[in-house]
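Participant: Below is one structure. I have some questions about it.
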Amino acid sequence: MKSLAILFCLAAPLLAEDRSTFYPFDITLGGTKAEMKAGNELFAEVSKPVTDDAVLALEKQVPMLIINAFPCKEDGTVEDTQAAAIIFANNVKEVKLDATMDKKKLKPGTYLANVVAENKTSRIVFTVAAPDAKPKIDFSKVLGFLKKKAGGE
């Protein structure tokens, strides 16, 4: 019984760690924390639209931060005609979305992004709003598309 208690104490941190492979660290974008939704283990969602200069923040400063944001259609298909936005920064806790390497702002639309820090990658999906628009936030089509691509459906 004593060895069972010791085993549980050693395993408890592993059991408490309920982090997705695709979202190992938290991200806040435009003041909204990205969240993993029930039934979606592929990416975290930013539930509110953001501006093209929104701040992407981590919980702590990291030595190197790389963000690749891929414009995609409503169904999750990556836009072949648009280049990915790439942001690279050293020794930061936060960075603005308009700090792209090519100095181009993200156009209004939906984006799938890989945020890489400390040898881990968190995947998020978010919408950049047009200044005068009220975009609809529904990432269920993106999830369906990605699950099909992964062979999970």
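Only the coordinates and a few stated rules stand behind these numbers; no lab work does. Computed from a predicted structure; not experimentally measured. Quick reminder, even Gly has a Cβ in these numbers, built from the backbone with ideal geometry, and neighbours come from all protein chains shown.
Participant: Efficiency by 1/(1 + (r/R0)^6): what FRET value for Lys96 and Ala130, r their Cβ-Cβ distance, R0 = 22 Å, to the nearest 0.05?
Facilitator: 0.75
Participant: Could you sort the peptides 87-99, 34-46 by per-residue average Cβ neighbour count (10 Å cutoff), highest mean leading?
Facilitator: Result, highest mean Cβ count within 10 Å first: 34-46, 87-99.
Participant: To make sure I understand the rule: partners must be aspartates and glutamates, Cα under 20 Å from the Cα of Lys147, and not fewer than 8 residues away in the same chain. Which ones qualify?
Facilitator: Glu35, Glu41, Glu45, Glu74, Asp75, Glu79, Asp80, Asp138
Participant: Sticking with this one: Ordered by residue, what ³J(HN,Hα) values in Hz, to whole numbers, does the range 87-93 give under the Karplus form 6.51 cos²θ - 1.76 cosθ + 1.60, where θ = phi - 60° and Gly and Pro are x?
Facilitator: 10, 9, 8, 10, 6, 10, 10
Participant: Longer than 21 Å from Cα to Cα, which of Lys73/Lys105; Lys33/Lys96; Lys48/Lys96; Lys105/Lys141; Lys48/Lys105; Lys37/Lys141 are they? Say none if no pair is.
Facilitator: Lys105/Lys141
Participant: Could you work out how far apart the two model spin labels at Lys107 and Lys120 are, taking each label as a point 7 Å from the Cα in the direction of the beta carbon, and quote it in nm?
Facilitator: My value for the distance between the label points is 3.4 nm.
Participant: Calculate, for Glu41 and Asp75, the FRET efficiency according to 1/(1 + (r/R0)^6) with r their C-beta to C-beta distance and R0 25 Å; round to the nearest 0.05.
Facilitator: Plugging the Cβ-Cβ distance into 1/(1 + (r/R0)^6) gives 0.85.
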